[in-house]
Structures are given as structure tokens and as C-alpha cells.
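The values are calculated or read from the model by the stated rules, or taken from the named source; none is laboratory data. Because the structure is predicted, anything quoted here is derived from the model rather than measured. Every residue, glycine among them, receives a Cβ derived from its backbone with ideal geometry; neighbour counts consider all protein chains shown.
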Amino acid sequence: MMVLITVALCYRREGKQINFQEFKYELLEPRLVDHIVVSINKSVAKIYVRNTPRNQTDSEVVKGTLPAKGTGGQYKFYFNIGSVKSFEENLKAAQEELGLEPDDYVPVTYSFEVDWWEQELMRYALTATALFSGSFLLFLYMIT
């Protein structure tokens, strides 16, 4: 149990934290963003980037010279979002401001994440609760 708590406290995200302005001007504007995964329960947007800017047409994707939008990239950055609605509004405004066509907007997917250490902690907590409850019930049975 102590090991899990220690790991949980020392656990860090894989990506580098940035703010929305850095995201907009350093990643979105040069078209380095492949896709975004929004973790709803953690209020975090994970940014998956590619090595080269996306400047292709649909025919290049069909020919197989470049991967389809939203299927690749590496998780490199993340930023905190206030709410899903405000994130969506800010992202749409940023893409419009940069002159992107709606067909070229960055794909966004949504997930509900539970870290492995949270799962393990919950499992051990439930086990400990069950053992304690069982022992307590046995104690009550024995004294009556």
C-alpha cells in the first residue's frame, strides 16, 4: 500500500505542460498538431504532434504518402482546460483566427482516464474495507 502511495505521489505526466497561447502559436499555427485527446475527468488536453507540418491535400493522404489526420503523432504536450465547453470555444476561435478551414480543424477525441495507480489504490482500498468489515462482523458475532 505504501509503495502505491509513493508511486502515486511521484507520478508525472509524460508530456510537457504548456499553456493555451504556447499551444496556439508554437504548435497549432505551424500545423504541427496531429490530434488532441481531452481527458474529461482530469480537465487536461493532451497534444499529439508530428515532426513535420501538415501541408497536404486529400489526394496525398489517399496516395499513402502521409498518414491520415488524427491517426499518428506522439504525445508531447498537455495543458489544463477550464471546461470542455470553454476549450472547444477557444480551440474553434484559434483555428478560425489562423484561417483554417473547418475540414482542416484538428481532430479532438474525449476520454475518461483512470491512472493505473488509481485503479490499484482503489482495489486495495476495497479489499482492506472488505477485510475490515468482515473482521468487524465476525467480532460482533462472537461477542453476541
**OP:** Consider only pairs whose beta carbons are under 7 Å apart and that are at least six residues apart or on different chains; among these, list those whose first residue lies in the stretch 33-54 and is on the phi < 0 side of the Ramachandran plot and at pLDDT 90 or above and whose second residue is basic (K, R) and not in a strand (DSSP E or B).
**Re:** D34/R50
Original post:
When L66 is evaluated against the numbered criteria (1) in contact with a Pro (Cβ under 8 Å, 6 or more places away or on another chain); (2) modelled with pLDDT under 70, which criterion, by number, is the only one it fails?
Top reply: (1)
Original post:
Is it true that A8 is touching a helix residue (DSSP H, G or I) at 6+ places or on another chain (Cβ under 8 Å), modelled with pLDDT under 75, loosely packed, with under 13 Cβ neighbours inside 10 Å and not charged (D, E, K, R)?
Top reply: no
